[in-house]
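Have a look at the structure below, then the notes.
The values are calculated or read from the model by the stated rules, or taken from the named source; none is laboratory data. Just so you know, these numbers come straight off a predicted model, no measurement behind them. Backbone-built Cβ (ideal geometry, glycine too); neighbour counts: all protein chains shown. Note: areas computed on protein heavy atoms with side chains; ligands, DNA, RNA excluded. Shrake-Rupley method; radii C 1.70, N 1.55, O 1.52, S 1.80 Å.
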Amino acid sequence: MFKKLRLFLCLLALTPIGCLPLIANESKPPVLQAELISENESINPGEPFWVAILLNLEKGWHIGWKNAGEAGLPTSIQWDLPEGYTAEETRFPTPERFSEMGMTAYGYEGSVVFLTRITPPPHTQLNDTTLNATVKYVACGTSCKPGDAKISLSLPANVTLPENTQKTILFNQWKNQLPHQNIETPAFIDNKEHSLVLPFTYDGLFNEVLFYPEEEGVVDQDSIATVDKTDEGWSLHLPVTSDLLEHPHDVNGLIVVKGENKKLLYSSEIHLSPTIENNTPISNEPPTSLWLIIGGAFLGGLILNLMPCVLPVLSLKVLGVVNSTNKTQREKRLSGWAYLTGVVVSFWGLAGIILGLKSAGTELGWGFQLQDPLFVGMLTTLFFVMALNLYGLFEMGTSFSSVGQKANNKGALVSSFLNGVLATVVATPCTGPFLGTALGVAATLSPIGCLAIFTSMACGMALPFVLVTFFPFMAKFLPKPGAWMETFKQLMGFLLMGAVLWLLWVFGAQQSIISLYQVLFALLVMAIASWVFGHFGNLMRTRPVRYTAKAIAALIAIGSLYLTVDASKSPYSPSNTEIVSNEELWEPYNADKVEKLHREGTPVLIDFTAKWCLICQANHFVLNRPDVLDALKKRNVVLMQADWTRQDEMITKALKKYGRNAVPVYVLYDNDPKHEPVILPQMLTEKILMDNLHEMTVQAQFETKNAVH
């Protein structure tokens, strides 16, 4: 009934009868004053620029939003531009919610600014230009008054004028007040509650969450909406109309979060594709796709064995297999099972930590433990001691440093298990092919789905070693034991030393240069402890000498570990540790700036990287090639680098936004705000980059040509 009443009143206001009060008082100034303002002082060919429509309303009056609600009519802006000029869709700021005679309305009061981006034709010569626009509105207060405000603005062309700093600041403020753009939100209609369930995330305290639909007949305005806490964040339950229940369709609108005193905290444009469900949300991935993701996780785990992150532990596995030629087939199979168990349990542990901290509100990603300087320092020490053991500086029976080398029953099984644990720990810096999507999906699934993906990944990683232990004919391809094994063992020690250098480089990126020197000194102290243990604690010495040497070595080792712990706790002071560095070209990642540049049509390339990610460093050689940099510069691509070496919640959330939770990730925005960003492959080549940049250029030229014609 209210809709019919509102329609009747608004139509009446547009008739001559409805205009009688206005005629009787036409000497009074209008309730709305309009002004057209340009961000630029002059116009240049083909260069888009922002213009603002500033409206000032008298106190007690308001105008409508895109959907004016149950009272009033939407505000619209009609442009009259010179030939060749185009205007993008007008951006509306977040409206307020009003109540009039029991009816809900969405709109603005006081001062409001609408923003539009204008693109002049790409002609080399432009004449001075006048922009014309008409603002059509219905202002409601004690009554509703329709009106239109004609505004115009003249701008010179091809003239270089000094920048108006005050105006630039003002436009930046207006742009920041606009809702976030084009967020796809999974939603469903609860057929039992007759409500639209809208999941959302917001970190912080809030008092109220509202949803403003862009069309009528979607939400029942007379009913009360509720907000519930979920595992992923929050969900807004909105009572819907029978029309949406009977005919589900896509819904656009704004989600608005407010704090104390109705203060606006956050707003975002969202697009919903709701489907009717009986209390069960629609899964983002159908079962067939989930099985493909699990298969991809298995292949990704298999390929991890070839990644440089796993090479140090791979050396230990090779030694274990070579030394196992004198084992029985049963012992070999048990060793394979133990290794598989170590890998699977470790992957389960990583999944459990991520799920547990995620439920507590902390966002983590693949390789999170290498973001902790203490963990990196301890792993460096472990690898260093293992390398000294392989060099023969000391022997330690079935200790952790001799994982995979001892062949006696129970100790061999423990060694194989720990070998699997260690392989998992050092594999996490690499994602490799197939793993990026699998890890991103795992972070969004239920605990069971997440564990399924991590289990598949673990089985893929453990498969090669398990196959060798289960199929005897493969042993024929292994060399026979001999004196050469001692030389081979020492050569494998150099791989571990290479891993030590890599970890020291990671530590140096996380801490100050003084802390790095302290860890180097700690390794020297640990080497002295190892020498004391190996030289004076061996069986050739008397028992008192052995015990004394072991005690002294233990005290020295404790001192070394103390130095490492102390170095990891020092204040963060970044140092330049890039393998390939072009710091003047790459700026730090800023989510707000990316969104702003995308709205303005500026291309952006984001490099999500980390010092502990070796694939990232290899890709940097491609990204910093002169031909690639020239191509990026010619297309005015803004280069941003999101460094995830240390835990950074903003970067973690950004990765989640793009469906990933591991690095490397490369995101390319083109110069059209309507286009979604392109996620490039994890392994970059010059051809991949050039092809994507060329496609971006061709598409931009095609759309510009269509706009001109």
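Brief remarks follow.
- Residues listed by number, segment 612-633, amide nitrogen under 14 Å from residue 683 label point at 7 Å toward C-beta: 615-616, 618-619
- Ranked by how many other beta carbons lie within 10 Å on average, peptides 686-693, 616-623 from highest: 616-623, 686-693
- Sites residue 627 and residue 590 - FRET efficiency at Förster radius 30 Å, r taken between beta-carbons, to 0.05: 0.65
- Taking 0.36 nm per residue of separation and subtracting the current Cα-Cα distance, fully stretching the chain between residue 555 and residue 163 would add 134.4 nm.
- Judged by the mean number of other Cβ atoms found within 10 Å, the most tightly packed of the peptides 491-502, 522-533, 551-562 leads the ranking 522-533, 491-502, 551-562.
- Per-residue HN-Hα couplings for segment 675-682 [Karplus 6.51, -1.76, 1.60; θ = phi - 60°; Hz; x = Gly/Pro]: 8, 7, x, 9, 9, 7, x, 6
- Remark on residue 86: its backbone amide H falls under 5 Å from those of 119, a criterion applied only to residues 5 or more positions apart or on other chains, H modelled at 1.01 Å from N.
- The accessible-area ordering, largest first, of the residues 188, 536, 171, 521 stands as 521, 536, 188, 171, per a 1.4 angstrom probe.
- Ranked by how many other beta carbons lie within 10 Å on average, peptides 378-388, 671-681 from highest: 378-388, 671-681
- Accessible surface of residue 334 - all protein chains present, 1.4 Å probe, nearest 10 Å²: 60
- R0 of 25 Å, Cβ-Cβ distance residue 521-residue 548: FRET efficiency to nearest 0.05: 0.50
- Within the assembled protein chains, the solvent-accessible surface assigned to residue 569 is about 150 Å², based on a 1.4 Å probe.
- Residue 672 paired with residue 695, simple spin-label distance in nm, labels 7 Å along Cα-to-beta-carbon: 1.3
- Distant-in-sequence amide H partners of residue 46 (H built 1.01 Å from N, under 5 Å): 123
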